[in-house]
Protein chains: 2
Amino acid sequence: MSAPTIGCDTRLELRALSGVPLVAEGTDLADLVADGLARDGITLRTGDVVVLASKVVSRAEGRYVDLTTVVPSGEATRLAAELGKDPRMVELVLRETVEVSRTGPGVLIVKNRLGVVCANAGIDVTNSRPLDARAGSGPWALLLPEAPDRSADRLRQALASRFDAAVGVVITDSVGRPFRFGTVGIAIGVSGLPPLWDQRGAFDLFGTRLEQTITALADQVAAAADLVAGQAAERRGIVHVRGLSFPVVESGASALVRPVNEDLYARAVEPGARS
Amino acid sequence: MSAPTIGCDTRLELRALSGVPLVAEGTDLADLVADGLARDGITLRTGDVVVLASKVVSRAEGRYVDLTTVVPSGEATRLAAELGKDPRMVELVLRETVEVSRTGPGVLIVKNRLGVVCANAGIDVTNSRPLDARAGSGPWALLLPEAPDRSADRLRQALASRFDAAVGVVITDSVGRPFRFGTVGIAIGVSGLPPLWDQRGAFDLFGTRLEQTITALADQVAAAADLVAGQAAERRGIVHVRGLSFPVVESGASALVRPVNEDLYARAVEPGARS
């Protein structure tokens, strides 16, 4: 049996698993997903993808930080004053940062250690409180998962063996973008599913070869799942996707990160602004 | 009856309409969509969204250009030589351009007259040949629809009255992005559906107010539909989406375009690079 090529059925179905509890530190993600699927009567099949909001994974991994325990550095204090932000939050952001990308009043956009360019390094202050937090503790922040590709990998392998199916796992975050208003879901952890769908070499209906077409498959899966998951509550943080087909590959969301030297927007000024 | 708030059911279904013909100039888009829906046994309901690849709309609107008829300006000739591109194509791109954003070998990224920052102003050279083109004519290029918000509006109103349902219409294009590899679908024309989903003021599970959460609803619908539509063939260029709910609003994809003065990436250099 040859490996399936990447594709999508004419029908794609996304479903937010119902009854997902607010996740506690130490929760086994494979149990959490399998229980949710069982509640909704879904048996994973080859080609299915399970999409988790990063928040679910971070909570299970215990990535909580009590902001009152954070001591801001001089740099964080200075930057916080300049931007009008909480210096403890800025300190946390800088710890997760490879490079500051852009700043503005109340805005701190960085490239984080995962290579993702986003506000506040992806650190969140909603749904960020541990279930067993002492009364009066916090406010709490929630860091992104330590190594989302690895988390996705572990979960994918557990699900694949439980269901005897070649499935994919995507861990998502919601980020802002240059040029356009509004956040979109992107993939910060990927396993099984190819992150990119290279359609170069295919032909159009007139026989012209497609030259430039590499689709950000995992980012589009993340954006679609983000529609269903919403933002306000973690309770929709697990989405089941059916309709894709793909070969199981060894890759990860890091394949979606454009290196600085291949990114025209990383440093260069636009031509018109060059003196 | 009060207008529905924006939301998504726990289940979202996308379906590429089958048997969509290769579109000829002058095709009535409402007929095209209604015929496709009928073939697949779908009756539009309130909350449904019909997503069209821009190519379908451009072909119906006759936005074909025979490149052999294009006379490049001096600027186009110079830029084409610098970038190693076809001067006739560069001429077409510049005619659709408000501002050149970034250039590189073989790469010409501009802000087009719709405010969309993308390669080649969104002009395509695949599936770009008119059905009635003379043998030996071309190569052909296909411009984006003249006014995609207006095209979406017209189609939405025709569908709404045919099906007596409050539906949305999204016209999409696939674009590259700073920082990340791979193209994603975005909305270049929107009608009915709110382009942005403002979730500020909602609360998380601990009662913390969401401060920064405005989702690019129409762009995420476009990305999801792009998964199903694929790139190689126009034959999947119409996607039916069911599971969203929204009030019908007077807006458009132009609401997704961030004005230059609110865009930290439009002109500024990153802080580290400032001398």
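With label points defined 7 Å past Cα in the direction of Cβ, position A:Arg95 shows copy-to-copy spacings of 5.7 nm, given to one decimal and shortest first. Listed by Cβ neighbour count within 10 Å, with the fewest neighbours leading, B:Asp28, A:Asp226 appear as B:Asp28, A:Asp226.
With the helix formula -39500 (n - 2.57) applied to DSSP H stretches of n ≥ 4, chain B reaches a computed 222 nm mean residue ellipticity of -7500 deg cm²/dmol. What separates the Cα centres of segment A:64-135 and segment B:91-117 is a distance of 35 Å.
Extending 7 Å from Cα along the Cβ direction at B:Arg45 and again at B:Arg95 yields two label points whose distance is 4.6 nm.
When B:Trp197, B:Trp140 are sorted by how many other C-beta atoms sit within 10 angstrom of their C-beta, beginning with the fewest, the order is B:Trp140, B:Trp197.
A Förster radius of 30 Å, combined with the Cβ-Cβ distance separating A:Glu250 from A:Thr10, puts the computed FRET efficiency at roughly 0.55.
Normalised by the number of residues in chain B, what is the relative contact order in percent for Cα pairs under 8 Å and 6+ residues apart? Spell out each step's value before the answer.
Working: 551 pairs, mean separation 74.9, N = 275.
Dividing the mean separation by the residue count of chain B yields 27 percent.
Distances, shortest first, from the label point of B:Thr43 to those at the same position in the other copies read 3.4 nm; the point lies 7 Å along Cα to C-beta.
When GluC sites (Glu not before Pro) are flagged only if DSSP places them in a loop and at most 12 other Cβ atoms lie within 10 Å, the longest unflagged stretch of chain B comes out as B:1-210. Label separation (A:Arg154 vs B:Thr77): 6.4 nm, computed from points 7 Å beyond Cα along the C-beta direction. Each copy carries B:Gly19; placing its label point 7 Å along the C-beta direction from Cα gives inter-copy distances of 4.2 nm, listed from smallest up. Computed from backbone phi, the HN-Hα couplings of segment A:164-177 come to 6, 9, 8, 10, x, 10, 10, 10, 10, 9, 9, 10, x, 9 Hz, rounded to whole numbers (Karplus: 6.51 cos²θ - 1.76 cosθ + 1.60, θ = phi - 60°; Gly and Pro given as x). In terms of surrounding Cβ atoms within a 10 Å radius of their Cβ, A:Ser128, B:Ser58 rank from fewest to most as A:Ser128, B:Ser58. Taking every alpha-carbon pair under 8 Å whose residues sit at least 6 apart, segment A:64-142 reaches a relative contact order of 30 percent. Within straight cross-link reach of B:Lys55, meaning Cα distance under 28 Å, which lysines are found once same-chain residues fewer than 8 apart are removed? Within the straight-line limit of under 28 Å, B:Lys55 reaches these lysines: B:Lys85, B:Lys111.
None of the figures in this text is laboratory data; all of them are computed from the coordinates on show. Just so it is clear, the model here is predicted, and its values are computed rather than measured. For neighbour counting, all protein chains shown are included, and Cβ atoms are generated from backbone atoms with ideal geometry for every residue, glycine included.
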